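Nothing in this text is a laboratory measurement; each read-out follows from the coordinates by a stated rule. Remember, it's a predicted structure, so these values are computed and weren't measured experimentally. Every residue, glycine among them, receives a Cβ derived from its backbone with ideal geometry; neighbour counts consider all protein chains shown.
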Amino acid sequence: MTCKILVLPGDGIGPDITAEAIKILKACQKQGLDIEIEEALVGGAAYDAEGDPLPRETLLKAQAADAILLGAVGGPQWDKLEDIAKRPERGLLGLRKELGLFGNLRPAFLYPQLAEASSLKAEVVSGLDIMIVRELTGGIYFGQPRGIEERDGQRVGFNTYVYSEAEIERIGRVAFEMARKRNRKLCSVDKANVLEVTMLWREVMERLAPEYPDVELSHMYVDNAAMQLVRAPKQFDVIVTGNMFGDILSDAAAMLTGSIGMLPSASLNEKGQGMFEPCHGSAPDIAGQNIANPLATILSVAMMLRYSLDEPELAGRIERAVSQVLDSDLRTADIAYADTRKVSTSEMGDAVLEAFRKG
Ligand code: NAD
Ligand code: IPM
Ligand code: MN
């Protein structure tokens with residue numbers, strides 16, 4: 001049966017990087033992958049065209065798709081929108097919530113060829129392979145009440161950090177299962193020394209542990225986890241954490257791999273439907289220059305093939321193609337260093353495409 005792939009380029013560098021990922025998707029199609037590719041608007045681009053960062057048509061297409069590839073949303077031109085509900089980021093959050101994409105996988109994997117591109121010493125990061133499992137449809141991002149209102153003569157802003165046992169349990173199971181497929185070490189990151197919501201988080205993780213006796217569960221406070229990630233990142237195998245802590249820790253982990261432009265992600269729901277996107281944003285500072293790194297988005301296509309389309313071989317082939325290109329001296333600006341050859345977004349995409357075709 002033909003799989004429907006919806007591509008949502010979004011804003012800033014989004015259209016540039018998704019264009020390179022589409023080249024790879026089309027090459028997979030030529031290899032016999034039965035897919036049809038459709039595009040739709042999201043984020044600021046959708047707001048400008050239709051006055052809504054998540055138009056109904058886009059949501060309907062997303063619901064009908066087998067998998068979604070998203071570039072990035074947001075940019076300074078929409079940061080001052082009076083109506084917060086119209087901000088580009090709300091389009092992305094709406095998609096995640098409406099599709100129930102609670103399980104966010106963010107693998108921080110260092111391609112050995114990039115050890116010198118990391119801001120940390122090569123020996124600290126070489127061999128790095130961490131999977132961050134971030135809860136994506138709950139926590140402080142979605143808790144009610146939220147808002148800005150007048151109290152006692154001044155404005156106050158407030159959000160609510162809330163998780164139910166059921167929400168914690170289902171992301172916990174994703175993480176335990178993931179640890180099982182990897183090195184069987186799971187570190188749950190919380191702030192249980194201060195926040196009740198994460199006291200409950202820790203309790204639920206502990207309650208699940210006996211069902212996964214082959215997985216070693218540990219706990220760490222988020223402040224220490226941030227420090228440990230840059231001190232000795234290889235101590236981690238799988239990290240499970242809530243929405244906001246996962247957002248922050250995954251950007252830090254990204255830098256261990258050389259650049260945020262290397263970090264792909266998968267966001268999955270209970271039906272196995274998924275949205276795939278790079279972890280980085282729309283990078284307004286380099287938008288429109290054809291210099292962004294497209295590899296995180298291309299590697300997100302590999303995650304799509306592995307997690308939603310059940311095509312692990314094609315996924316592996318894309319990852320090998322990326323690795324082969326990194327064997328050469330071609331580098332986008334973010335991962336370039338002495339003696340490497342700086343290439344554009346499209347040149348990098350073409351190089352991966354060529355390696356993929358040969359592979
Ligand atoms: P950002 O990730 O867009 O950029 C941070 C830095 O990383 C910038 O210097 C940027 O140039 C660089 N960078 C990011 N991706 C890169 C790539 N592929 N290649 C080379 N360099 C890259 O984060 P920000 O600046 O905090 O946010 C910019 C906008 O993006 C904001 O509107 C924010 O809300 C949005 N955002 C969207 C997403 C998403 O769509 N998933 C994620 C994060 C931020
Ligand atoms: C991410 C982004 C988003 C998040 C924003 C743009 C809503 O930072 O995907 O990491 O905070 O989840
Ligand atoms: Mn983020």
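A few remarks follow.
- Candidate cross-link partners of Lys61 among the lysines, defined by an alpha-carbon separation under 25 Å and a same-chain spacing of 8 or more, comprise Lys4, Lys23, Lys26, Lys30, Lys86, Lys97, Lys271.
- Assuming charge only on the beta carbon of Lys and Arg (+1) and of Asp and Glu (-1), the dipole of the chain about its Cα centre is about 560 debye to the nearest 20.
- Charge dipole (the range 104-266, unit charges on Cβ, about Cα centre) - positive-most of Ile148, Ile132, Met262: Met262
- Within straight-line cross-link reach of Lys234, aspartates and glutamates at Cα separation under 13 Å, skipping those fewer than 8 residues along the same chain: Glu123, Asp129
- Dipole check for the range 104-266: with +1 at the C-beta of Lys and Arg, -1 at the C-beta of Asp and Glu, and the Cα centre as origin, the magnitude is about 360 Debye.
- Neighbour counting of Cβ atoms within 10 Å sorts the residues Val238, Val125, fewest neighbours leading, into Val125, Val238.
- Report note on the peptides 294-300, 146-152, 226-232, 86-92: ranked by the mean count of other C-beta atoms within 10 Å, highest first, their order is 294-300, 86-92, 226-232, 146-152.
- C-alpha center-to-center spacing [the range 298-341, the range 207-253] in angstrom: 25 Å
- Annotation: amide H of Ile35 within the under-5 Å range of Cys3, sequence separation 5 or more or interchain, hydrogens built in the peptide plane.
- Computed [θ] at 222 nm, deg cm²/dmol, the chain (DSSP H ≥ 4; -39,500 (n - 2.57); rounded to nearest 500): -12500 deg cm²/dmol
- Summary value for the range 126-252: 38 percent relative contact order, contacts being C-alpha pairs under 8 angstrom separated by 6+ residues.
- Given charges at Cβ of Lys, Arg, Asp, Glu: the range 189-346 dipole, positive-most of Val222, Ala209, Leu299: Leu299
- This ranking places Asp83, Asp190 by how few other beta-carbon atoms lie within 10 Å of each, fewest first, which gives Asp83, Asp190.
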